[in-house]
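Please read the structure below before turning to the comments.
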Amino acid sequence: DVPEKGHEVPLDEARVHREGSDITVVAYGLMLYTTLGVANKLSEEHRVETEVVEPRTLYPLDKETILQSAKKTGKFLVISEANLTGSVSAEIAAIVAREAFEWLDAPVMRLGAPNVPAAAFARPMMDFFVPSAEKIEAAMLELARY
């Protein structure tokens, strides 16, 4: 839906799309809505309550909302369709590992594309490259069970 009147998104405020108490997942871009679907599924099937946070902007990054969520749940996963090496998800993971370490009950986890030189465009390659709902679910369950 597009608002009739002007709509502004704050450039320095993350959005908590789903409240949760068991794990925190930060997701943005293409991964956000897949993550929300998996979070709902895990709630129904496994009683895992996932807090899903969307940074909305990567610079400036709303570190406080992300850190508060990580401290609240004690378990943190960041998901992106970008390569893991040299990515924004690596920076977010480093911030949480450094600034929320004493509240964490598990290692900071990341899920992203494999470290390959270029993004894929053919459907079979995209299926391999972009984290699927199944890969997201597996990562979230691994973290929840830690």
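Going by the structure shown, is VAL116 within 12 Å of VAL26 (Cβ to Cβ) and of a type in the set (Val, Ile, Thr)? Reasoning before the result, please.
On the way: within 12 Å of VAL26 (Cβ to Cβ): no; of a type in the set (Val, Ile, Thr): yes.
Spelling it out, it is not the case that VAL116 is within 12 Å of VAL26 (Cβ to Cβ) and of a type in the set (Val, Ile, Thr).
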Residue set VAL48, VAL78; condition closer than 21 Å to ALA138 by Cβ, modelled with pLDDT of 95 or more and assigned to a strand (DSSP E or B); output residue VAL78
Could you list, in sequence order, the residues of the range 9-45 that are part of a loop (DSSP other than H, G, I, E, B), closer than 22 Å to ALA100 by Cα and either without any contact (Cβ under 8 Å) to a residue 24 or more places away in the chain or not aromatic (Phe, Trp, Tyr) (or both)? ASP12, GLU13, ALA14, GLU19, GLY20, SER21, ASP22
Could you check how many residues of the range 90-113 are over 15 Å from VAL25 (Cα atoms) and either at pLDDT 95 or above or polar (S, T, N, Q) (or both)? 5
Take the residues of the range 1-21 that are open to solvent by 90 Å² or more (accessible area, probe 1.4 Å) and among the aliphatic types (A, V, I, L, M): which is modelled with the lowest pLDDT? VAL2
Residues within the range 51-60 that are part of a strand (DSSP E or B) and either buried (at least 24 other Cβ atoms within 10 Å of the Cβ) or over 9 Å from the mean Cα position of the chain (by Cα) (or both), tallied: 3
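Do the conditions hold for TYR28, that is, is it under 12 Å from the mean Cα position of the chain (by Cα), of a type in the set (Phe, Trp, Tyr) and open to solvent by 40 Å² or more (accessible area, probe 1.4 Å)?
no
The values are calculated or read from the model by the stated rules, or taken from the named source; none is laboratory data. The model shown is predicted, which means the values in this text are computed figures rather than measured ones. A quick note on method: Cβ atoms are made from the backbone with ideal geometry, for glycine too, and the neighbour counts reach across all protein chains shown. Ligands, DNA and RNA are excluded from the accessible area calculation, which covers all protein heavy atoms including side chains. Shrake-Rupley method; radii C 1.70, N 1.55, O 1.52, S 1.80 Å.
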